[in-house]
Every structure is written in C-alpha cells, then in structure tokens.
Amino acid sequence: MTAQDSLPKPLGDYMRSARVALAVSRIGEDAPLVLVNEAFCTLTGYAADEVIGHNCRFLQGADTTEEMRRPLREFVRGTEPHSGRFPILNYRKDGTSFFNFVFMTRLLDRDESPRFLLASQFDMTTAMRRNKLPQNDMELTRTLDDLEQISREFGLAIIGSAQMISESVALLARLSLDTDED
C-alpha cells in the first residue's frame, strides 16, 4: 500500500481502538480491506491477517440473497450517495450466520474524491433488543463524532453519516417494537 493509499496514523489508531466493529476498504479494484479492528474480528471470528487484502464478500454465504448483495455492490462501485445502510445475512468463520446491519461511509480526500469506504457492522439480533438500542446509538454517535474530528484534521471527510445513523436507529427501534408486539 502506498502512502497515498494509507490512512493517516491517528485515524487508523483510533479505528483500531474503537469498540464498534469497523472495517476500512480501499476505493477501486475489488474494494480490498486495509484495516479491521478487534471488534470486527470478535464479531466475525476472523483474525485481521486473514481478511486484510480481501473484499468483505467472504462474510456472505449460501443463504445470502442477491437482493441483499445488490445494494452493497452498487454502493461500493458507485460514487453517490456518500453513506448508506445495508442489512445482509453474513457468516462468521465458524459458519454461524448473523443478520448484519452495515453502515457504510465514503472517506473523501481534500479534493472530495472518495479514497476509502468505512463500514461499521452490527449483529441485528443484539441491536434489535430494545434495551440495547440507546447504548448502540450512543456508542456509534460517539465513534462517529471522534472519527469526524480526526478525519477533518487529516483532510478526509465523512458526509451525511449522522443523519443516516439517526434514521437507522429509528428504523431499528421500529423493528424492535414490531418484534415485541408479536
């Protein structure tokens, strides 16, 4: 990886220490992962050295539908919008499935050209529990605030993520309420 393709050290250091499952991939080629944090490894069961350089498709499996894959693929290959949320059935290294709610944001350079994709990932079975929603929202908001500050210092931008997160949390709350009524 060239210096131009690498994350600024403080941003990479922060992402590695975040408690939210984070993965960063390079724009272009096949969107290979350049960084995953410990929370990502805990969620998926994979070690960082097993996944760096690979596209996140390795998390998909037999029951991951094309309907789930298509929006992710279109987002990764496109340039707009700057952020999105994607529910998808994924599989851990041990073969167990989990319903992953992926939030993706483009990290832009000083010229506002996309350089990286930042993905935060949540196991929906946990996120749908009503008592976990405020905790997950608070942690994600704190992480995003920290990342935006660090990114600005190094000429990267995260656009529209706060609104996307708040809309996503509202969606999760509605899903949780629907589940509780059954």
| query | What are the residues whose amide H is under 5 Å from the amide H of residue 55, where those residues sit 5 or more places off or on another chain and H is modelled from the backbone? | reply | 33
| query | Given segment 25-94 reduced to its alpha-carbon atoms as identical point scatterers, what log10 I(q)/I(0) does the Debye formula return at q = 0.21, 0.25, 0.28 Å⁻¹? | reply | -1.03, -1.32, -1.38
| message | Quick check: residue separation of residue 123 and residue 66 times 0.36 nm, minus the Cα distance between them. What number comes out in nm? | response | 18.5 nm
| note | Under the Karplus relation with 6.51, -1.76 and 1.60 and θ = phi - 60°, whole-Hz ³J(HN,Hα) for segment 69-82, x at Gly and Pro, equal 6, 3, x, 5, 4, 5, 5, 4, 7, x, 10, 9, x, 7
| query | Around residue 46, which amide H atoms from residues at least 5 apart in sequence, or from another chain, sit under 5 Å from its own amide H, with H modelled in the peptide plane? | reply | 93
| Long-range amide H contacts for residue 89: which residues qualify at under 5 Å (H placed 1.01 Å from N, peptide plane, sequence gap of 5 or more or a different chain)? | 65, 100
| Gain upon complete extension [residue 112, residue 97; 0.36 nm per residue less C-alpha separation] | 1.7 nm
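Bear in mind these aren't lab numbers, they're just calculated from the coordinates by the rules spelled out. The structure presented is a predicted model; accordingly, all values stated were derived computationally and were not measured.
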